[in-house]
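Data first, discussion second: the structure below is written as structure tokens.
Every number in this text was worked out from the coordinates using simple rules, so none of it is lab data. What you are looking at is a predicted structure, and each value in this text was computed from that prediction instead of being measured. For neighbour counting, all protein chains shown are included, and Cβ atoms are generated from backbone atoms with ideal geometry for every residue, glycine included.
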Amino acid sequence: MNASLITLDNLAIGYDGQAVLSGISLTIARGSFTAILGANGTGKSTLLKTLLGLQPPVSGKIQIGADGVKPIFGYVPQAIQFDPLYPLTGFDVALMGTFGRVGTGRFPSRAEKEFVRECLRVTAADKFAATKFSQLSGGQKQRVLIARALATKPDILVLDEPTAGVDVVATLALLEFISQIHKERNLTVLLVTHDLPLVKKHAQQIVWLHNGVVLCGTVAELFTPEKMSEIFEMEVG
Amino acid sequence: METLKEILSPDFLLRNSVYTSVLVGFACPLVGVFLVLRRLVFMGVALPQISSTGVAVALSLPVWLGLTVNSAEEHAHTLAFVGSTVFTLVAILILAWLERRGRGSAEGRLGTAYVVATALSILLLSKNRVAEAGWLDLLKGEIITISNFDLGLTAISLAFVLVVLGLFNKELLLVSFDRAMAATLGKNVLAWDAVLYLLIGLTVSVAVLSVGPLIAFGFLLIPPLTAHLFARNMKWFVILASLIGGVSSFFGFWLAYQWDWPVGPTDVVLLGAVYALAFGVKKIFSLRQPKLKSRLAK
């Protein structure tokens, strides 16, 4: 069993002290592929923000990393959230991944820039590195954002609805690619999505948020007719 | 051409005004770029006005305290600089804090700040003739008399802004473009926001004192909008915006001197004309581009 990277103990999450979801207890192991699944408004993004430290928990405990060493998050947000007003190229956006390592008031070195080019090559985004980020398609933007996340040299890759605004073909290719780098690099992946078939194919562990209830388990444990009917409160199959 | 030679001469009587105008023209777009990208253009309108209220308070102070300081004297200018800077910085920090809370209407707040600041300035100066004359000059953008001290103050302040912007450009860009990413990389988003707002505040207060609120807003807004039409990346966006501001301010001064127009409004009208021209050129090119592409394809 791999060491745990993130442990949530009876966590309650929400805004302004008001919990939208409570009683969350789970462990994310190093090298695992975990999917946070749920419909819109179930608290997926709130859970993600809490895990990333962007929002304090209402109550409960979060332990991130081991022996006091905090893991580096390679965060991949939804591509549609970015303001198209910024005249940034794909390379400019990917370069931001190095800003955590490059000291304040310093500029990325040639080696860092070369590393970013390598990340863009790995994600097959090097062809549009010189194109304005705002002019790229949804799938191309996601590849650049994954390159940016890889440029952080992450311990955990966190993807927030990476397939939002991306066509079906690009979605499949994107998830295949994420699955591939997860296996090749033994990279911990945390994927937030509402796409059930994708989760079934790629994720090892599922965190399913439904009607204020959090269900955790493997694909085999959760995707049984009994569990599904329990989740959807109806008979399945 | 004779006028141009005269302006460029080191013995030109109004050389300090030319230098100040050009400095403001180069510097304002550098912070204006962030106002445009963060969609805080309304802040660009309200802040110079609040800054000029600070000037109004500063120019009224000697009268309230029973002192006789002429508005043309150096003391009055220093006082105005302090008033302008303090009001701008306090206002920008309050507005930024309210913006961060995300409640209510940001446009409504900025609109209220703008109109109250203008009314307050008029009220404050209505009983102070000496100060009123100075403030009206400022409002009209009369930048004719600039002392060596004022020029030095402007140059030092704007050089400081330039150095800080250059050094921390990547941090300021990151927190503007993707706050969540910045936070996950361990950047103190609030602190970097504060740095950016302080730079904007300082630039605005210096610009208002040199060229007035209307012209300061013109230099904050129009050069970045013009540069945005052609910028292919962030570096060129900033450089182009600054160049458009600086060059326009010089030619604006030249035109104003040639035709005996007030300098500030001439600058803004020129900037507007440059923006309109750039927009037209961009449209023509974008219309011709498909034709060019199809010709190349053949």
For this session: First check a/c for region B:2-297, with a ≥ b ≥ c the square roots of the eigenvalues of its C-alpha gyration tensor; if it is under 1.5, answer rounded, and if not, answer prolate when a/b is larger than b/c or oblate otherwise.
Result: oblate
Problem set entry | Principal axis dimensions, region A:19-103 - Cα atoms, whole angstrom, descending | 43, 35, 24
Exercise. Which number gives the lysine pairs in chain B that have C-alpha atoms under 25 Å apart and are eight or more places apart or on different chains?
Worked result: 12
Exercise. Over chain A, what relative contact order in percent results from Cα pairs under 8 Å that are six or more residues apart?
Worked result: 26
Exercise. Looking only at B:GLY272, B:GLY104, B:GLY212, which one moves most when chain B is put into a Gaussian network model with springs between Cα atoms under 10 Å?
Worked result: B:GLY104
Exercise. Which of A:GLY139, A:GLY68, A:GLY31 moves the most in a Gaussian network model of chain A with Cα springs under 10 Å?
Worked result: A:GLY68
Exercise. Among A:59-67, A:180-188, how do they line up from the highest to the lowest mean number of other beta-carbon atoms within 10 Å?
Worked result: A:180-188, A:59-67
Exercise. Can you give the mean number of other chain Cβ atoms that lie within 10 Å of the Cβ atoms in peptide B:32-43?
Worked result: 1
For this session: Give, rounded to the nearest 20 debye, the magnitude of the charge dipole that chain A has about its Cα centre when Lys and Arg contribute +1 at Cβ and Asp and Glu contribute -1 at Cβ.
Result: 980
For this session: For region A:84-154, please report how many Lys pairs fall under 18 Å Cα to Cα, leaving out neighbours fewer than 8 apart on the same chain.
Result: 5
For this session: Name the residue farthest towards the positive end of the dipole of the protein assembly as shown from the options A:TYR86, B:GLY25, A:ILE146, assuming +1 on Cβ of Lys and Arg, -1 on Cβ of Asp and Glu, about the Cα centre.
Result: A:ILE146
For this session: For chain A, return all DSSP H helices satisfying: extent of Cα atoms along own axis at least 24 Å; mean Kyte-Doolittle hydropathy at least 0.5.
Result: A:168-185
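Give me the inter-chain shielding for B:183-189: mean count of other chain Cβ atoms within 10 Å, whole number please.
Shielding by partners across B:183-189 averages 6.
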Problem set entry | Relative packing of A:99-106, A:129-136, B:249-256, B:18-25, which averages over residues the other C-beta atoms within 10 Å, highest first | B:18-25, B:249-256, A:129-136, A:99-106
Exercise. Expressed as a whole percent, how much of the Cα-Cα distance distribution for region A:84-154 exceeds 19 Å?
Worked result: 26
Exercise. Shielding of A:67-75 by partners, i.e. mean partner chain Cβ atoms within 10 Å per residue?
Worked result: 2
Exercise. When we measure straight from the Cα of A:LYS227, which lysines land under 29 angstrom away, once same-chain ones fewer than 8 places off are left out?
Worked result: A:LYS44, A:LYS49, A:LYS61, A:LYS183, A:LYS200, A:LYS201
Problem set entry | Other-chain or far-sequence residues with amide H under 5 Å of A:TYR75's (modelled H) | A:VAL158
For this session: Quote to one decimal, in nm, the extra length available between B:LEU255 and B:VAL86 on full extension: 0.36 nm per residue of separation minus the C-alpha distance between them.
Result: 57.5 nm
Problem set entry | J(HN,Hα) series, region B:189-201, from Karplus relation 6.51 cos²θ - 1.76 cosθ + 1.60, nearest Hz, glycine and proline x | 4, 4, 5, 5, 4, 4, 4, 4, 5, 5, 5, 4, x
Exercise. What percent does the relative contact order of chain B come to when contacts are Cα pairs within less than 8 Å and at least six residues apart?
Worked result: 32
Seminar exercise, completed: Computed from the beta carbon distance with a Förster radius of 56 Å, FRET efficiency for B:PHE279 and B:THR78 to the nearest 0.05 stands at 0.85
